[in-house]
Amino acid sequence: MKIPYGHVENNVLFRSAFGQEEALKLKEIAEEEIADVVSFFTKKFDKLRLKLDEIENKINTENNKGSFLSSLENIRDAIPTHAGLGDYQILLDRITSLESLLNDYVQKNRAKNTEIKSALLLELDAILANNDQEEAFEQIKDLKLRWLKTGSPEQAVRAELEAKFKTGVDGFFEKRNAFNEDKKMLVNARLEEYRSIIEEIKSFIANNELQSSSDRVKELQKQWKEIGRIPEDDFKSINDKYWKVTQDYFNKQKKQRNADRKNKAIGAKENLKAKSEILEELKNLVANGFENDSKAFEELKTKWKNSGHVSKKSHPEVHESFMRLSREWQERQFILSLTHKKNKGFAKKQKKDQFKDLLRVVRDLLHRDESELKSFRENMDKMHINKGSFVDMLEEKLSAQQEKVTLKKNLLKECQEKIKQL
């Protein structure tokens, strides 16, 4: 039997040699099955040919032609060992012709891609010069999408183009992140200004300074309107708190005025005397703060509130002394509580040993406060902000931190003296 593109030798079916390919053994066969086996291997060749037909049709009809190069290479690589019967040389010739077509297409396409990406880099330069960050961000997103959709440029300039694009885009996002951080810092600063106004009004209520603070509250109301914009949700939340506290302030102020009219008999001199006596009691209480409980302090606070009004403007030292002594009391109580937690069986120890434990805690806290004070000063020096209520707030915080350090140093000396005396 004559077998196109094959032959039988010693009962073995071979694919005949062609081009540089040697004959390929396909299968051992009996004479009576030659026709069926030949048909089987002919169909395998036809299947490979149809696969090449399909790829060629896609090359002729689809835009992304370069993507089919690898498919052609796969068929070429398969032919030397492909078990089939047919004109493989024709397939190789077709593949060579198609590869030449695709290589020419890819080369032209890469030249075109090089032009497109060079133009996109010019667009990128224009976007980077845009000071509107949000608009530039949207433009960058669109540009990145077009860059990704554009195929590979010429090999000689590919790395350079990609590097320029990456550098420009990365630089934009670094700048945008820095801008967002600055914006976040500004929003936080404004939020802090809003909170400080609320806390100041609250302090007037808490300290029963409703009459003397009227002018100041008017100033705060004006400041509130001038602070600047923050995100809507944040503003709504804090504005609700502001209106609640101001309403509470004015309601309490009105009630206090009515009460003041009924208590004209109580003069400012008597009130001042009463508060001065309370301050003396508070000084004695604070001086032994490590040995007194909080009940005595709460009683003095109540006594202070009920001792009558003393003008903060006329006698600021009275109120400042009370606040300072109150802070010192609270600090002593905090240290005492912390020492209890850190030293098991503290309450049962001898006084001298208790003060030794207190000394260690105070020393640790002093070290922490001094470190925070140092960091706070360094951070303020780096901020380069010269004016505004934000600076005033920072100055107040700095003063408070300095006061904490001074107090810890005094407590440290006190503990050392107690240990010597016991």
Restricting to Cα pairs below 8 Å that are 6+ residues apart, what does the relative contact order work out to for the chain? Please round to a whole percent. 9 percent
Simple Cβ-charge dipole of the chain, Lys/Arg +1 and Asp/Glu -1, about Cα centre, in debye nearest 20: 3940 debye
With angles folded into 0 to 90 degrees, how steeply does helix 389-421 sit against the dominant principal axis of the chain? Use alpha carbons for both and round to 10. 60 degrees
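Would you work out the charge dipole size for region 243-357 about its Cα centre, treating the Cβ of every Lys and Arg as +1 and the Cβ of every Asp and Glu as -1, and quote it to the nearest 20 debye?
That gives a dipole near 380 debye.
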Contour minus Cα-Cα distance for Glu417 and Ile116 (0.36 nm per residue): 100.2 nm
Before rounding to the nearest 500, sum -39500 (n - 2.57) across all DSSP H runs of length at least 4 in the chain and divide by the residue total; then give [θ] at 222 nm in deg cm²/dmol. -27000 deg cm²/dmol
Return an integer: the convex hull volume of the alpha-carbon atoms of region 72-208, in Å³ per residue. 178 Å³
Wrap a convex hull around the Cα atoms of the chain, take a quarter of its surface area, and give that in square nanometres. 42.3 nm²
Kindly express, to the nearest 10 degrees and within the range 0 to 90, the angle between helix 294-305's C-alpha long axis and the longest C-alpha principal axis of the chain. 70 degrees
Quick one: Cα centre-to-centre distance for region 40-102 and region 108-159, in angstrom? 36 Å
Directionally averaged projected area (convex hull, Cα atoms, region 260-352), nm²: 7.0 nm²
Selected from Leu148, Trp224, Ser203, residue furthest toward positive end of dipole (region 113-237; charges at beta carbon): Leu148
Taking Cα atoms only, Rg over Rh for region 6-105 with Rh from the Kirkwood formula is 1.07
Given Cα pairs under 8 Å that are at least 6 residues apart, what percent is the relative contact order of region 6-105? 28 percent
Rounding to the nearest 20 debye, state how big the charge dipole of region 315-422 is about its Cα centre with +1 on each Lys and Arg Cβ and -1 on each Asp and Glu Cβ. 920 debye
Entries of Lys356/Lys413; Lys218/Lys255; Lys255/Lys301; Lys58/Lys164 with Cα pairs more than 23 Å apart: Lys58/Lys164
Exposure rule at most 12 other beta-carbon atoms within 10 Å, DSSP loop trypsin sites (Lys or Arg not before Pro): the chain longest free segment: 3-228
Taking every Cα atom in region 175-220, find the radius of gyration and the maximum pairwise distance Dmax, and write them in Å. 15.7, 50
Principal-axis tilt of helix 155-206 within the chain, Cα atoms, nearest 10 degrees: 20 degrees
Apply the Debye scattering formula to region 58-123, with a single equal point scatterer on each alpha-carbon and no solvent, then give log10 I(q)/I(0) at q = 0.15, 0.19, 0.27 Å⁻¹. -0.59, -0.79, -1.14
Shape box of region 111-183 [Cα atoms, principal axes, largest first, Å]: 43, 18, 17
Run the numbers on region 216-351 and let me know its relative contact order in percent, using alpha-carbon pairs under 8 Å that are six or more apart. 23 percent
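For region 284-422, what class follows from the C-alpha gyration tensor (a ≥ b ≥ c being the square roots of its eigenvalues): rounded when a/c is under 1.5, otherwise prolate if a/b is larger than b/c, else oblate?
oblate
Just so you know, all these numbers are worked out from the coordinates, no wet-lab data involved. Model, not experiment: these values are computed from the prediction. Quick reminder, even Gly has a Cβ in these numbers, built from the backbone with ideal geometry, and neighbours come from all protein chains shown.
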